[in-house]
Amino acid sequence: MIFPRKNSNLYLTLLRLKRNRLAVFGLAVLVMLLLTAIFAPRIAPYHYATQNLADAFEAPSGKHYLGTDDFGRDIFSRIIYGARVSTQVGLFAVSLAMISGGLLGASAAYYGGRIDGIIMRCMDIFMSIPQILLAIAIAASLGPGLLNLTIAVGVAALPDFARVVRGSVLTISGQEYIEAARCMGASDAWIILRHILPNCSAPIIVQSTLRVGQAILATAALSFLGLGVQPPYPEWGGMLAASRGYVRDYAYMTIAPGLAIMITIMALNFLGDGLRDAMDPKLKR
């Protein structure tokens, strides 16, 4: 196993992150969430689509830890399988936004002039629309489904990465080692990918961590509106939408998916704040 060298930036960053208890808690929750999503068939006591109308609206018990829904499906099992949708959309949508937005922001800052104006004015147009409304519009035009949901959430998050990366590249592109790379005949693409973007990693990582939580929340909102993953496959927002008619008599049906969304986003925010402080200790108060 390879460990970071002592006194290296990575080692010091991990050391500062380890001292932040909330960040460690958030990381532990996220690791558990990923393991739950990967091994869902082995962890869940029932299949997510198994129905038993005789057990409909059963309260939490030893047989069904979080109770059952109106079709007699085990809510605990559906929460576990629902973690797959949230993690997939959160990770892939943010990866799409990070790669596309990062390249656009780096190109805008590196070339400047007309290219910078065109790219950033397009980003301003996107940012003038509330992100959830933009995601709803894209999802509605593409139709429901996991892939379309990922594209909608990713495109809505793209302008944030473009602006963050552009700001970082503007401070880096004038450094001596960039001029040295130009003098050595390195291509623009090589300079951007090899020298500029790696030195923007700290703000990109922090932004990505925080955006995953927002992506999961957007996924739940779109599924709540019927624009996400379609039944019978479970998704936490879709489970909330299906159970909202029973909230007075069977509140446990809404509490379980609501808590899953809240705990996941809280853990991501804790980790994102911890990474921000660890990567730039000057921000630590």
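Nothing in this text is a laboratory measurement; each read-out follows from the coordinates by a stated rule. Here the structure is a predicted model, which is why all the values come from computation and not from measurement. Here the Cβ positions follow ideal geometry from the backbone for every residue, glycine too, while neighbour counts run over all protein chains shown.
Things to note:
- Comparing mean-square fluctuations of S86, S128, S173 from a GNM of the chain with C-alpha springs under 10 Å, the top value falls on S128.
- Ordered by the count of other Cβ atoms within 10 Å of each Cβ, fewest first, I172, I261 give I172, I261.
- Axial C-alpha extent at least 30 Å, average Kyte-Doolittle at least 0.5 - helices from the chain (DSSP): 75-111, 146-172, 201-224, 252-279
- For the chain, averaging the sequence separation of C-alpha pairs within contact (under 8 Å, six or more residues apart) and dividing by the residue count gives a relative contact order of 26 percent.
- By the count of other C-beta atoms within 10 Å, a proxy for reagent exposure, V29, V89, V206 are ordered fewest to most as V29, V206, V89.
- Within a Gaussian network of the chain (alpha carbon springs, distance under 10 Å), most fluctuating of A54, A23, A242: A54
- Between the range 52-107 and the range 163-179, the alpha-carbon center distance in angstrom: 39
- Sorted by Cβ density within 10 Å, fewest first, the residues M98, M266, M279: M266, M279, M98
- With contributions of -39500 (n - 2.57) from each DSSP H run of at least four residues, the per-residue ellipticity at 222 nm computed over the chain stands at -22500 deg cm²/dmol.
- Candidates E58, E179, E235: whichever shows maximal mean-square fluctuation once the chain is modelled as a Gaussian network with Cα springs under 10 Å: E179
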